[in-house]
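Peer 1: Quick one: the structure is below, questions incoming.
The values are calculated or read from the model by the stated rules, or taken from the named source; none is laboratory data. Please read all numbers here as calculations on a predicted model, not as lab measurements. Here the Cβ positions follow ideal geometry from the backbone for every residue, glycine too, while neighbour counts run over all protein chains shown.
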Amino acid sequence: MAITTTQSAHHVQNTAIGRYKDTGTAAAFTITTGFKPRYVKIMNVDGLCMEEWYEGMADASAVKTVDSGAGTTDVVKITSNGITVSANGFTVGLDTDINVSSEQLSWIAMG
């Protein structure tokens, strides 16, 4: 069996945590952290859905976990309307499970 592993020599030096709630029309929004995140997790607390973005993933992508009802969850990779990282933070796209008007989002970014 062949095993391939990679490891970054960097350690987490920055962490930012916050909450976001917009009662207007749902739209993409940007969070400024002051550093380039290597990992971002967003949890829609009201809708029981989350997205995670890991260093190396494409812009606007994420791994999304959704409560699909009846005690089951679906995990899918999305390639649009996800998370896009920048030099000073990240943008949350208009995914209709995560970015919902008047629903509470909690997030964490590490760099």
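Peer 1: Does residue 67 qualify as being in contact (Cβ under 8 Å) with a residue 12 or more places away in the chain and acidic (Asp, Glu)?
Peer 2: yes
Peer 1: Against the conditions (1) crowded, with 17+ Cβ neighbours inside 10 Å; (2) in contact (Cβ under 8 Å) with a residue 40 or more places away in the chain; (3) farther than 14 Å from residue 33 by Cβ, where does residue 83 fall short? Just the number, please.
Peer 2: (3)
Peer 1: Spot the failing condition for residue 25; the list is (1) more than 22 Å from residue 14 (Cα to Cα); (2) of a type in the set (S, T, N, Q); (3) outside any loop (DSSP other than H, G, I, E, B), and only one is missed.
Peer 2: Failed condition: (3).
Peer 1: So which of 60, 70 ends up being on the phi > 0 side of the Ramachandran plot, within 11 Å of the chain's Cα centre (by Cα) and not hydroxyl-bearing (Ser, Thr, Tyr)?
Peer 2: Selected residue: 60, the only one of 60, 70 that is on the phi > 0 side of the Ramachandran plot, within 11 Å of the chain's Cα centre (by Cα) and not hydroxyl-bearing (Ser, Thr, Tyr).
Peer 1: Additional query: Assuming residue 45 fulfils every condition listed in (1) hydrophobic (A, V, I, L, M, F, W, C); (2) modelled with pLDDT under 95; (3) surrounded by 15 or more Cβ atoms within 10 Å (Cβ to Cβ); (4) in contact with a strand residue (DSSP E or B) (Cβ under 7 Å, 6 or more places away or on another chain) apart from one, which condition is it?
Peer 2: So residue 45 meets the others, but not (3).
Peer 1: Here's something else I'd like to know. Which of the residues belonging to region 56-111 are touching a strand residue (DSSP E or B) at 6+ places or on another chain (Cβ under 7 Å), under 23 Å from residue 13 (Cβ atoms) and either of a type in the set (Lys, Arg) or not in a strand (DSSP E or B) (or both)?
Peer 2: 59, 88
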